[in-house]
Amino acid sequence: MKSAASLSIRDATDADEPWLIVASREVGGPMVVSQGTAYQLRDYPSLIADSEAVPIGFATFRIEGAQAELLALAATEQWQGTGSALLAAVETKVEQAGCQRLMLCTTNDNTDALRFYQRRGYHLKALNAGAFAEVQRIKGMTGQIVGQHQIVIRDELVLEKPLRA
Ligand SMILES: CC(C)(COP(=O)(O)OP(=O)(O)OC[C@H]1O[C@@H](n2cnc3c(N)ncnc32)[C@H](O)[C@@H]1OP(=O)(O)O)[C@@H](O)C(=O)NCCC(=O)NCCS
């Protein structure tokens, strides 16, 4: 795990855009589809995790009234504490903006993310069975997509965490 001294979190700037486009491959590209709606990540605020001034992860979120949504979270090297630090920073940020809950969507194949989020206070809120077909339609993808752990991606899972605000 990275030491707190080598990991720092900051707001993304326009200068991060090229890196963010490449890094967004980890979450399926710069357009994210959540519950049938497409979001271009560049249109929303992002936080960047740096290690010794080199970006190693990002989180993108949006705020809608009292609810915030985590649109994307990714670490270039897994299991080193980057995702945890970014998630905590997003929670603090949206809490300060008055949000009462933070929700996110993931897919049935992403069992690592399901573990990660549940261990950090997120509860399963909904299962949108078969929703990946709509994601594929919006993204112009055809055929079966094999995701993590060789699992075919079919479904969307919605998770949510109540915040203190
Ligand atoms: C999911 C993701 C964001 C987590 O970020 P991360 O920086 O890897 O996570 P952290 O290092 O902060 O935390 C790792 C956790 O996983 C555990 N872990 C360590 N090795 C692991 C492994 N091989 N498999 C699964 N979990 C593991 C750690 O013990 C820790 O869990 P705990 O603190 O609850 O015990 C990151 O793995 C990632 O970028 N995944 C690809 C993109 C993605 O799926 N994003 C989420 C889309 S919804």
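Only residues in region 54-69 that are under 22 Å from ILE21 (Cα atoms) count as the first member; pair them with residues that are outside any strand (DSSP E or B) and of a type in the set (Phe, Trp, Tyr), Cβ under 7 angstrom, at least 6 apart or cross-chain, and list the lot.
Short answer, once both residue conditions are applied: PRO55/TRP19; THR60/TYR44; PHE61/TYR44; ARG62/TYR44.
Being open to solvent by less than 30 Å² (accessible area, probe 1.4 Å) and without any contact (Cβ under 8 Å) to a residue 60 or more places away in the chain is the filter here, so list the residues in region 76-103 that pass it.
If the condition is that a residue be open to solvent by less than 30 Å² (accessible area, probe 1.4 Å) and without any contact (Cβ under 8 Å) to a residue 60 or more places away in the chain, then GLY83, LEU87, VAL90, MET103 are the ones that fit.
Going by what's in this entry, would GLU64 be described as modelled with pLDDT of 95 or more and open to solvent by 50 Å² or more (accessible area, probe 1.4 Å)? Give the derivation first.
Working: modelled with pLDDT of 95 or more: yes; open to solvent by 50 Å² or more (accessible area, probe 1.4 Å): yes.
Against the criterion (modelled with pLDDT of 95 or more and open to solvent by 50 Å² or more (accessible area, probe 1.4 Å)), GLU64 qualifies.
Return the residues of region 139-165 that are in contact with a Leu (Cβ under 9 Å, 6 or more places away or on another chain), of a type in the set (A, V, I, L, M) and either modelled with pLDDT under 95 or within 13 Å of the ligand (Cβ to nearest atom) (or both); say none if nothing qualifies.
LEU157, VAL158, LEU159
Within region 104-119, restricting attention to residues that are more than 8 Å from the ligand (Cβ to nearest atom) and under 11 Å from LEU159 (Cβ atoms), which residue is least open to solvent (accessible area, probe 1.4 Å)?
Top of the filtered list is LEU114.
Would you check if there is a residue in region 45-64 being of a type in the set (Lys, Arg) and touching a Phe, Trp or Tyr at 6+ places or on another chain (Cβ under 9 Å)?
yes
Across region 120-137, what is the number of residues that are open to solvent by 50 Å² or more (accessible area, probe 1.4 Å) and closer than 15 Å to ALA38 by Cβ?
The total comes to 3.
Is one or more of the residues making up region 154-163 of a type in the set (Lys, Arg) and in contact with a helix residue (DSSP H, G or I) (Cβ under 9 Å, 6 or more places away or on another chain)?
yes
Select from region 66-102 the residues that are within 11 Å of the ligand (Cβ to nearest atom), of a type in the set (A, V, I, L, M, F, W, C) and over 17 Å from LEU47 (Cβ atoms) and list them in ascending order.
TRP79
ALA38 fails exactly one of the following numbered conditions: (1) more than 10 Å from the ligand (Cβ to nearest atom); (2) over 23 Å from LEU163 (Cα atoms); (3) among the aliphatic types (A, V, I, L, M); (4) without any contact (Cβ under 8 Å) to a residue 60 or more places away in the chain. What is the number of that condition?
Unmet for ALA38, out of (1) more than 10 Å from the ligand (Cβ to nearest atom); (2) over 23 Å from LEU163 (Cα atoms); (3) among the aliphatic types (A, V, I, L, M); (4) without any contact (Cβ under 8 Å) to a residue 60 or more places away in the chain: (4).
Go through (1) surrounded by fewer than 18 Cβ atoms within 10 Å (Cβ to Cβ); (2) within 13 Å of the ligand (Cβ to nearest atom); (3) of a type in the set (Val, Ile, Thr) for ILE56 and report which single condition fails.
(1) is the only condition that ILE56 fails.
The values are calculated or read from the model by the stated rules, or taken from the named source; none is laboratory data. Only a predicted model underlies this, so the values are computations on that prediction, with no experimental measurement involved. All Cβ positions, even for glycine, are placed from backbone atoms using ideal geometry, and neighbour counts span all protein chains on display. Just the protein is used for accessible areas: all its heavy atoms, side chains included, with ligands, DNA and RNA removed. Shrake-Rupley method; radii C 1.70, N 1.55, O 1.52, S 1.80 Å.
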